[in-house]
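What follows draws every value from the coordinates through simple rules; no lab data is involved. These figures come from a predicted structure and were not determined experimentally. Glycine gets a Cβ as well: all are built from the backbone with ideal geometry, and neighbour counts include every protein chain shown.
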Amino acid sequence: MSEATDMGPTLSAEEVSLLRQGVGLQMDHYGGGRLPFACVEARGLVQKMTALEGPEAGRVFEVIDVSGGYASACLGAGHPYIQKALYEALERCGYVTDEVGSLERSRMLEELFGPHGLWADRFPGSAYHVSGRNSGSEGMELALRLALEHGFDRRRMAPRAGREGRRTVLAFEGAWHGWTGGVVSLLNRRHYRVGLPEYPSDGANSLRVVFLPFGEPELIERFFTEQGSQLAAVIVEPIQGDAGILVPPRGYLRRLATLCGEHEALLIADEVLTFAKSGRFFAMTDEEGPIPTDITVIGKSLGMGVQSTSMVIARRELSVRPSGAVSTSDLRPLTCAITRAGLGYIVREGLLERSAALGEELRDRLRREVVEAFPKLFQEVRGLGYMNGVELSEQAAEGLPKLRRHLLEAGVYVEFMAGAGRRSHGLRYSYPAMRIAPPLIADHADLREVVERIRRGAQAFQAEARR
Ligand SMILES: Cc1ncc(COP(=O)(O)O)c(C=O)c1O
């Protein structure tokens, strides 16, 4: 694997100009903070990048990707097994919608939820049913709707007998569940909601969202004691991603599930990001085994990096009114074929087990060789499996665009999570975190090289800051 500093081929002025024009034509969701780089080719973990500005513009260099495309490309780029599966599926599986059955869809569902299915211990098909969506956000929208409709009688259009007083949803500070209209109400980020259309308040059925800091056991105990009888649902990321890869203390998620059970509140796990990332398929797991949920939403890695898809797995008694959640892309046969092939490959190759062990080693190395070596830049390492975060210091957070540039120039592409910021209950400010969430194909040598390159990038950033 060549390093970023190696001289690579150089693009023509027209090619660089085309790349710049493309960036200009795409909406900027980063307030001018997009990186002035572009990818021209990718294979496995390696992305061929070029700078779009400055004296190096047009020079192609290679970086190791540990972003996985917002942690979605679990098998890296252009995986031969997925290429083959895609080609074969295109040849034969067609495109029927959920109005009729599909052989490809049935194969996948049976292998996952059937009596001997991969996930039958957690989601037996006799107790759960499934729907497919295009994205994590859409999956969370459906989860929210399932929770909402569970609370009222569709015929009478009034609260369902016995659940009249349950209009509260518990969500967590710093959470990210997507950006679409329904789920923004689950985020404690007021600026996302400003200006949204307001519907006449339907007092009887509208939900009220309450936020607590994540991972604080005493706070949930107190909350359930005081407000448990008013709870309709709890929505939780088992490891908070955007908040900076926050792993809850041992026993926290199991206790949350128990409290939900005792208080008859639905537990919704947002595993869009954690799916296949924590050394297991589901992060709602502890030493006792699966932690029960009423609804689980998975996404990102489910699409194997070649398609955007999500799945909502819900208890059978939870459903939405007829045609209320129809989607053109609900478990499309092609999507099912790719998911099935990719999951089969992950299981056969033991990639999750390997990521659990290598992830531990990676965090250890990050602790010793990055955090302890650059105490002015980094605070701590957190994570599980291949979902890891290194929290920045205030100084590094302030220079984030420069740090990102130096890391790319050192040959590693990482993403940064916003961090939970100011939290309530006197908890400390949480700065952004460098997310190291490589595709599952990353092996021991790749991860060693990643840490080495992060060190080089941090060194260059620190040297520039001193000048
Ligand atoms: C925990 C979580 N939920 C939901 C989403 C939304 O997924 P998507 O971007 O596919 O809509 C994300 C995306 O980052 C996420 O991290």
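Contact order for the chain, expressed relative to its length and based on alpha carbon pairs under 8 Å spaced 6+ residues apart, stands at 21 percent.
Segment 350-408 and segment 203-243 have their alpha-carbon centroids 29 Å apart. Taking amide H as placed 1.01 Å from N in the peptide plane, Thr285 has its amide H under 5 Å from the amide H of Ile291, each at least 5 places away in sequence or on another chain. Approximating the spin labels as points 7 Å out from Cα along Cα→Cβ, the Ala465-to-Leu400 distance works out to 1.5 nm.
With just the Cα atoms defining each centre, how far is segment 111-152 from segment 61-75? Give it in Å. Centre-to-centre (Cα) distance: 28 Å. Packing around the peptides 130-143, 100-113, 385-398, taken as the average count of other Cβ atoms within 10 Å per residue, puts them in this order, highest first: 130-143, 385-398, 100-113.
With the simple model of a label 7 Å out from the Cα in the direction of the Cβ, Glu317 to Tyr429 spans 4.7 nm.
Between 0 and 90 degrees, the angle of helix 103-113 with respect to the longest Cα principal axis of the chain falls at about 80 degrees. If R0 is 35 Å, the Cβ-Cβ spacing of Glu287 and Lys376 corresponds to a FRET efficiency of close to 0.40. Under a 5 Å amide H cut-off, with hydrogens placed 1.01 Å from N, Arg59 pairs with Leu11, Ala51 among residues at least 5 apart or on other chains. In terms of surrounding Cβ atoms within a 10 Å radius of their Cβ, Asp153, Asp270, Asp446 rank from fewest to most as Asp153, Asp446, Asp270. Residues whose amide H falls under 5 Å from that of Leu267, counting only those 5 or more places apart or on a different chain, are Val234, Asp294, Ile295, with hydrogens built in the peptide plane. Measure nothing fancy, just the Cα-based angle from helix 400-409's long axis to the longest principal axis of the chain, in degrees from 0 to 90, nearest 10. Relative to the chain, helix 400-409 is tipped by roughly 60 degrees.
Would you mind computing Rg(Cα) / (2.2 N^0.38 Å) for segment 91-349, counting N as its residues? Ratio of Rg to 2.2 N^0.38 Å for segment 91-349: 0.99. Listed from fewest to most Cβ neighbours within 10 Å, the set Tyr87, Tyr413, Tyr252 follows the order Tyr87, Tyr252, Tyr413. Tell me the angle of helix 217-227 to the major Cα principal axis of the chain, expressed in degrees between 0 and 90 and rounded to the nearest ten. Tilt of helix 217-227: around 30 degrees. As a ratio to 2.2 N^0.38 Å, the alpha-carbon radius of gyration computed for the chain takes the value 1.00.
Set Lys and Arg Cβ to +1 and Asp and Glu Cβ to -1, take the dipole of the chain about its Cα centre, and tell me which of Pro217, Leu45, Ser355 lies farthest positive. The residue sitting most towards the positive pole is Pro217.
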